[in-house]
Amino acid sequence: MRLLHTSDWHLGRTFHRESLLGAQERFVDHLVETVRAERVDVVAIAGDLYDRALPPVDAVHLFDQALRRIVATGAQVVIISGNHDSATRLGFGTDLLGAAGVHLRTDPARAWEPVTIGDVSFYGIPYLEPELVRGPWELAERSHTAAIGHAMDRVRADAAARGTRSVVLAHAFVTGGRASDSERDISVGGVAHVPVTAFDGVDYVALGHLHGSQRMTDTVRYSGSPIAYSFSETGQVKGSWLVEIGPGGMAGAEFVPAPVPRPIGRLRGRLDDLLADPRHAALEEHWLQVTLTDPIRPRAAMERLRARFPHTLALSFEPEGGEAPVRRQARPAGRPDIEVALDFVRDVRGEPADDEERRLLEQALTACRLKETMA
């Protein structure tokens, strides 16, 4: 059996206000073509299909089309809900969709109820909120380890009784995994991690949650997100795992890189240097995060950067040598508002406002006073 392991699509997400819908459509095209070309039997999607519980309409439409196209190749789909998904909404029509070859596992109580495809049992452990399962499962503690441990004990018992090969889908943070800035915190009492040994005893574990592709053990892996969702993912290769399940269990895995909609990168330095340095030519079409180190914050920094790097999305300032602390003091009684505003500009930027900026500040203050008078 050939299995394609993917996760964390986050349909509906933006990247620093840039729409990613087109990039996500390209990934779906790539995924469907991979399923067809590699004769994939099962696509396993390990959670976080959507970026939020109530996804936008175009994201739902894209997911609907993705399922239709995958099933049209002859492959079946096994899906679990992640911590970004609404388990209730995603799980609507579970049994009806199962008859069409799309198998949803969003209810924790069905985590050890397998989907049998051929002679392989697929167990879907959705994201488990410890507080919600502690009571029904009579757990001794409120933790992810306890929740996953209980589910896996039931999975192992069921798989042993069936005598079949077994694949588990789970959405969790396994100890030792490399996180990025784009995953939502799922810690409980400061502890979010689950030991990799919790997943012992099955042939393959398709993990979701962490956005970087990584191998925890040979049979326990994260596919990572198919697209970069933060600048902390610069340098990561995105894609899916193509896994072979043989008569004796997992027989091999190959990483299939996904298309890159637009590369991401980071730049750091003084503004004039960044604008003039020919070594940065390769980054001119990247989405960029730029950190300026000028001692004094340059004027119109973003506009000037975008003249050379039009896809600069994030800008921060870290002056060389550290920034002098801003003096905080109460405004003397009767001091004009314009003087307070001009002092603020001077403290933040390190140099006074020019005549045009002073004029704009005066206009803004006048507008505020008029608004207060008319309120």
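When the range 65-93 is filtered for residues that are within 26 Å of residue 131 (Cα to Cα), among the hydroxyl-bearing types (Ser, Thr, Tyr) and surrounded by fewer than 21 Cβ atoms within 10 Å (Cβ to Cβ), the ones remaining, listed by number, are 86, 88.
Here's the yes/no breakdown for (1) surrounded by 18 or more Cβ atoms within 10 Å (Cβ to Cβ); (2) under 19 Å from residue 42 (Cβ atoms); (3) at pLDDT 95 or above:
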{"site": "218", "(1), (2), (3)": "no, no, yes"}
{"site": "226", "(1), (2), (3)": "yes, yes, yes"}
{"site": "235", "(1), (2), (3)": "no, no, no"}
{"site": "238", "(1), (2), (3)": "yes, no, yes"}
{"site": "241", "(1), (2), (3)": "yes, yes, yes"}
{"site": "244", "(1), (2), (3)": "no, yes, yes"}
{"site": "254", "(1), (2), (3)": "no, yes, yes"}
{"site": "258", "(1), (2), (3)": "yes, yes, yes"}
{"site": "269", "(1), (2), (3)": "no, no, yes"}
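Quick check on residue 203: is it exposed (fewer than 15 other Cβ atoms within 10 Å of the Cβ) and out of contact with any helix residue (DSSP H, G or I) (no Cβ under 8 Å at 6 or more places or on another chain)? No; evaluated as a whole, the condition is false for this residue.
Scanning the range 282-292 for residues that are touching a helix residue (DSSP H, G or I) at 6+ places or on another chain (Cβ under 9 Å) and not charged (D, E, K, R) yields a count of 5. Screening residue 85 with (1) out of contact with any helix residue (DSSP H, G or I) (no Cβ under 9 Å at 6 or more places or on another chain); (2) part of a loop (DSSP other than H, G, I, E, B); (3) over 27 Å from residue 230 (Cα atoms); (4) acidic (Asp, Glu) gives one miss only, at (3).
Residues in the range 149-188 that are of a type outside the set (Gly, Ala, Ser), closer than 25 Å to residue 248 by Cα and in contact (Cβ under 8 Å) with a residue 12 or more places away in the chain: 11 in all. Return the total of residues in the range 347-375 being at pLDDT below 80 and under 26 Å from residue 318 (Cα atoms). Qualifying residue count, the range 347-375: 5.
Within the range 3-59, the set of residues being exposed (fewer than 15 other Cβ atoms within 10 Å of the Cβ), under 24 Å from residue 124 (Cα atoms) and more than 15 Å from the chain's Cα centre (by Cα) comprises 38, 39, 54. If you go through the range 163-179 and keep only what is crowded, with 23+ Cβ neighbours inside 10 Å and out of contact with any helix residue (DSSP H, G or I) (no Cβ under 9 Å at 6 or more places or on another chain), you end up with 167, 169, 171. The residue that is nearest to residue 213 (Cα to Cα), among those in the range 31-48 that are in contact (Cβ under 8 Å) with a residue 60 or more places away in the chain and of a type in the set (D, E, K, R), is 48.
Return yes or no: is residue 156 assigned to a helix (DSSP H, G or I), assigned by TED's automatic domain parsing to the domain that holds residue 85, basic (Lys, Arg) and at pLDDT below 95? So residue 156 fails the test. The condition of being in contact with a His (Cβ under 8 Å, 6 or more places away or on another chain), in the same structural domain as residue 94 (by TED's automatic domain parsing), of a type in the set (Asp, Glu) and over 17 Å from residue 98 (Cα atoms) holds for only one of 58, 51, that being 51. Pairs meeting the criteria (first residue in the range 8-30 and among the aliphatic types (A, V, I, L, M), second residue surrounded by fewer than 17 Cβ atoms within 10 Å (Cβ to Cβ), beta carbons under 7 Å, at least 6 apart or on different chains) are 20/14; 21/58. Annotation: residue 243 fulfils all but one of (1) part of a strand (DSSP E or B); (2) among the β-branched types (Val, Ile, Thr); (3) more than 30 Å from residue 121 (Cβ to Cβ); the unmet one is (3).
Identify all residues within the range 113-150 that are of a type in the set (Gly, Ala, Ser) and either touching a helix residue (DSSP H, G or I) at 6+ places or on another chain (Cβ under 9 Å) or at negative phi (or both); write none if there are none. Listed by number, the residues that qualify are 121, 124, 135, 140, 143, 146, 147, 149.
Applying the set (1) assigned to a loop (DSSP other than H, G, I, E, B); (2) in contact (Cβ under 8 Å) with a residue 24 or more places away in the chain to residue 92 leaves exactly one unmet item: (2).
So that you can scan it fast, the table gives a plain yes or no per residue for (1) under 20 Å from residue 171 (Cα atoms); (2) touching a Phe, Trp or Tyr at 6+ places or on another chain (Cβ under 8 Å); (3) in a helix (DSSP H, G or I); (4) of a type in the set (Gly, Ala, Ser):
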site: 98; (1), (2), (3), (4): no, no, yes, yes
site: 103; (1), (2), (3), (4): yes, yes, no, no
site: 109; (1), (2), (3), (4): yes, no, yes, yes
site: 123; (1), (2), (3), (4): yes, yes, no, no
site: 134; (1), (2), (3), (4): yes, no, yes, no
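The values are calculated or read from the model by the stated rules, or taken from the named source; none is laboratory data. Everything quoted here is computed from the prediction, not taken from an experiment. Every residue, glycine among them, receives a Cβ derived from its backbone with ideal geometry; neighbour counts consider all protein chains shown.
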